[in-house]
Amino acid sequence: MITIKDTGSLAKKFVTRATAAQGDYKDGVTGAGGKFETAAKAANDSWKQGVTAAAGRDAFTKGLTGSAQKYEKNATTLGPQRFAQGVQNAGDAWASGVQPSLDRLKSIDLPPRGPRRSPQNQARSAAVQIALGALKEGK
């Protein structure tokens with residue numbers, strides 16, 4: 001028979017040790033971006049195979065079953081504490097991510113406005129959709 005400590009003691013140990021490893025985590029990820037990107041790109045075919053296999057066994061839905069309570073607990077206890085810091089950290093990434101779309105929007109020559117719900121206004125909307133869709137497709 002295998003002797004295993006109670007789950008509560010193991011969870012406490014996990015939290016204590018993981019919290020103490022914050023510096024090790026930072027040291028491990030510093031400068032690793034290039035290796036991460038290269039390895040992730042090299043795994044593209046494996047990713048496709050894994051996603052296809054997971055879809056075949058409905059793993060996405062099965063993995064979500066029973067997750068509502070965990071989601072709400074983490075979203076209400078961790079989310080509010082980390083929200084502002086996360087937004088501040090993401091500011092530069094958000095700006096660089098949205099900039100191409102804003103530039104494309106500035107370059108669209110829209111047809112004149114029409115009355116509410118008019119074909120002229122639908123054409124304006126279509127022009128925006130086409131321009132942003134082309135940008136997303138790299139055109």
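Computed values, structure above
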item	result
Residue list for the range 39-75, filter: more than 19 Å from the chain's Cα centre (by Cα) and among the hydroxyl-bearing types (Ser, Thr, Tyr)	SER46, THR52, THR65
Test: residue in the range 7-28 that is within 30 Å of GLY138 (Cβ to Cβ), modelled with pLDDT of 90 or more and β-branched (Val, Ile, Thr)	no
Some residue of the range 101-111 being without any contact (Cβ under 8 Å) to a residue 40 or more places away in the chain and under 19 Å from the mean Cα position of the chain (by Cα)	yes
Residues that are outside any helix (DSSP H, G or I) and surrounded by 10 or more Cβ atoms within 10 Å (Cβ to Cβ), drawn from the range 6-24	ALA21
Yes/no for ASP27 being among the acidic types (Asp, Glu), over 21 Å from the mean Cα position of the chain (by Cα) and in a helix (DSSP H, G or I)	yes
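The values are calculated or read from the model by the stated rules, or taken from the named source; none is laboratory data. Computed from a prediction, not measured in an experiment: that's the story for all the values here. When we count neighbours, we look across all protein chains shown, and the Cβ atoms used for this are built from the backbone with ideal geometry, even at glycine.
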